[in-house]
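Asks: Provided herewith is a single structure, encoded as structure tokens, for subsequent inquiry.
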Amino acid sequence: MKRVREIFIIRAANRLGFAGFEGRMPVVNAGELLYIVCKNLTDVFRAEKALQEAGIPVRTVPSPPKEVGPCSTVLEITVGDSKRSSGVLEQSGLEIEKTIPARLPRTELLERLSGKNNAGSFGKVLSGVLEGLPPSLPDLRILLKASGTDREALWKAADYVRQISIGDVVDIRAALEFSNHCRRNCSYCGLRQGNSNLSRYRMTENEILEQAVRVRAMGIQTIILQSGEDTWFTTTRVVNIIKAIKQETGMYITLSLGEREPEEYGIFRQAGADNYLLKVETTNPHIYSELHPGSTVTERIKHVRMIKQAGYITGSGNIIGLPGQDVDSIARDIIWFWQEGIHMIGVGPFVPAVNTPLETNTPGAVDLTLNTIAVTRLVCRNSYIPSTTALATLSREAQLKGLACGANTIMLIMTPPGVREKYKIYANKMMVDIEWALTMVKALQRQTPPYIQAGGLAEPEQRTAGG
């Protein structure tokens, strides 16, 4: 059975062009895995290289936030390689802070969710995933198709894993959409270069800084600087913005600027950027090329890997309901998130945008989007997963459900009123504000972040590696 799983995963990886996948990590149960915690992200990458050179299978993955800190990175190895790994790292002059078992703690609820009350193939698959078996295409297909009582069990299991792995605090971040100019012509996006009906704007550096200060005054600790692929914002301009925000507010900075020149990722990181969000949207090569003229998913994945190697906390994600997409495509996306160790994973439904080739297409199914969030949480336990604005756009209740089936993050829209209506990546975008965010937190009896509770200009909490 274990070998069958390995074949399925390797075949899926090969279809996506994951060179060298077979040698990166053996396919084993989570009970046979350990997380190695290093002092900082630099040591993580040094340790990864040392272990790889010693022939020890290893991969970098998001750490359990309860154990280490939000969005930090740890090394994953097998229990059998623990002693040898310690020796290699000691010889390399690298200290191990501690090791953490990868298995979920055993509880009565976990025992029930692990299949004792679930008969049939769904119950067996859910049990295996909760036990930490690596994701396989056939298993994820079954989970993604769950309906009725199976769906209820799936969502409950995902919410349990979220609670154990991440906790009950709902992380609240703020997005500042500072430019709607874009050089790309993506078929689904309202910012596409070919949309001549869109009124374009760019915020000035001073306007961006002023809005960042307002965001920080709310107590928020992470700001997402988001735009189309706007080359008017040169390396120097972006560096100036990063440094000004960091100096004035001390906030964690997430960049969402699309694909940049390879050397820029390192320059922005050195300037003070902490996180980088680059959604893959789909790992299906044919669908990706159809929706992104002149680009390939292979190139996109290359950029995601460059971002991670530059030392960022790395975010990506997919869109549910794209033309030609099926459940298997979504399952392969989740396997890719897991294999790459993505820290922040945005799963949202397709929402049509006016003046695009897909403006008359049907929006993505809410239930399938929620199932995808749940399955992503089960597979990528330690990742931060937002309940997206796109979900809220289709239904406020859907965004609430997203938080109840595995998501743990809300993104506020903090773009100034004078330009926010022009950031039309899709139609009728819901403006998620702090009042609605706190209403959801209260409705689900979750915890408001202490930085929001304290308000004012409290110092950002210390984190191992970014926000």
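Asks: Identify the single condition in (1) under 16 Å from Gly346 (Cβ atoms); (2) in contact with a strand residue (DSSP E or B) (Cβ under 9 Å, 6 or more places away or on another chain) that Arg162 does not satisfy, given that it satisfies every other one.
Replies: Arg162 satisfies all of (1) under 16 Å from Gly346 (Cβ atoms); (2) in contact with a strand residue (DSSP E or B) (Cβ under 9 Å, 6 or more places away or on another chain) except (2).
Asks: Can you pull out every residue in segment 34-52 that is polar (S, T, N, Q) and at pLDDT below 90?
Replies: Once the filter is applied, which keeps residues that are polar (S, T, N, Q) and at pLDDT below 90, segment 34-52 yields Asn40, Thr42.
Asks: Does Val68 meet the test of being among the β-branched types (Val, Ile, Thr) and either at pLDDT below 90 or surrounded by fewer than 16 Cβ atoms within 10 Å (Cβ to Cβ) (or both)?
Replies: Criteria met by Val68.
Results for (1) without any contact (Cβ under 8 Å) to a residue 40 or more places away in the chain; (2) touching a strand residue (DSSP E or B) at 6+ places or on another chain (Cβ under 9 Å); (3) among the hydrophobic types (A, V, I, L, M, F, W, C), shown as yes or no for each residue.
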site	(1), (2), (3)
Asp274	no, yes, no
Glu281	no, yes, no
Lys302	yes, no, no
Asn318	no, yes, no
Gly321	no, yes, no
Trp338	no, yes, yes
Met344	no, yes, yes
Thr360	yes, no, no
Thr372	no, yes, no
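Asks: Among the residues of segment 327-335, is any basic (Lys, Arg), touching a residue at least 40 places away in the same chain (Cβ under 8 Å) and either assigned to a loop (DSSP other than H, G, I, E, B) or touching a Leu at 6+ places or on another chain (Cβ under 7 Å) (or both)?
Replies: For segment 327-335, residues basic (Lys, Arg), touching a residue at least 40 places away in the same chain (Cβ under 8 Å) and either assigned to a loop (DSSP other than H, G, I, E, B) or touching a Leu at 6+ places or on another chain (Cβ under 7 Å) (or both): present.
Asks: Out of the helices (runs of 4 or more DSSP H) lying entirely within segment 120-203, which hold 2 or more residues that are at pLDDT 95 or above and either closer than 30 Å to Glu76 by Cα or within 24 Å of the chain's Cα centre (by Cα) (or both)?
Replies: In segment 120-203, the matching helices (runs of 4 or more DSSP H) lie at 137-144, 148-165.
Asks: Would you check if there is a residue in segment 309-326 being more than 22 Å from Pro363 (Cβ to Cβ) and part of a helix (DSSP H, G or I)?
Replies: yes
Asks: Counting just the residues of segment 139-170 that are polar (S, T, N, Q) and without any contact (Cβ under 8 Å) to a residue 60 or more places away in the chain, which one comes out surrounded by the most Cβ atoms within 10 Å (Cβ to Cβ)?
Replies: Gln163
Asks: Which residue, of Lys442, Lys422, Lys401, Lys429, is among the basic types (Lys, Arg), more than 17 Å from the chain's Cα centre (by Cα) and modelled with pLDDT under 95?
Replies: Among Lys442, Lys422, Lys401, Lys429, only Lys429 is among the basic types (Lys, Arg), more than 17 Å from the chain's Cα centre (by Cα) and modelled with pLDDT under 95.
Asks: Something else: Would you check which residues across segment 80-105 are in a loop (DSSP other than H, G, I, E, B), surrounded by 14 or more Cβ atoms within 10 Å (Cβ to Cβ) and modelled with pLDDT of 90 or more and list them?
Replies: Ser92, Leu94
Asks: If you don't mind, another one. Please specify each residue of segment 262-286 satisfying the condition of being in a loop (DSSP other than H, G, I, E, B) and acidic (Asp, Glu).
Replies: Matches in segment 262-286: Asp274 only.
Asks: Follow-up. Give the residues of segment 365-395 that are in contact with a Gly (Cβ under 7 Å, 6 or more places away or on another chain), surrounded by 22 or more Cβ atoms within 10 Å (Cβ to Cβ) and small (Gly, Ala, Ser), sorted by residue number.
Replies: Ala374, Ser387, Ala390
Asks: Limited to segment 385-437, what total is found for residues that are charged (D, E, K, R), outside any helix (DSSP H, G or I) and more than 22 Å from Leu358 (Cα to Cα)?
Replies: The number of residues fulfilling the criteria is 1.
Asks: For the condition surrounded by fewer than 23 Cβ atoms within 10 Å (Cβ to Cβ) and within 19 Å of Met430 (Cα to Cα), what is the one hit in Lys401, Lys302?
Replies: Answer to the check: Lys401.
Asks: Additional query: So which of Arg183, Arg216, Arg173 is over 30 Å from Leu438 (Cβ atoms) and either in the same structural domain as Lys279 (by TED's automatic domain parsing) or crowded, with 20+ Cβ neighbours inside 10 Å (or both)?
Replies: Residue meeting the stated conditions: Arg183.
The values are calculated or read from the model by the stated rules, or taken from the named source; none is laboratory data. Just so you know, these numbers come straight off a predicted model, no measurement behind them. Methodologically, a virtual Cβ is constructed for each residue, glycine included, from the backbone with ideal geometry; neighbour enumeration extends over all protein chains shown.
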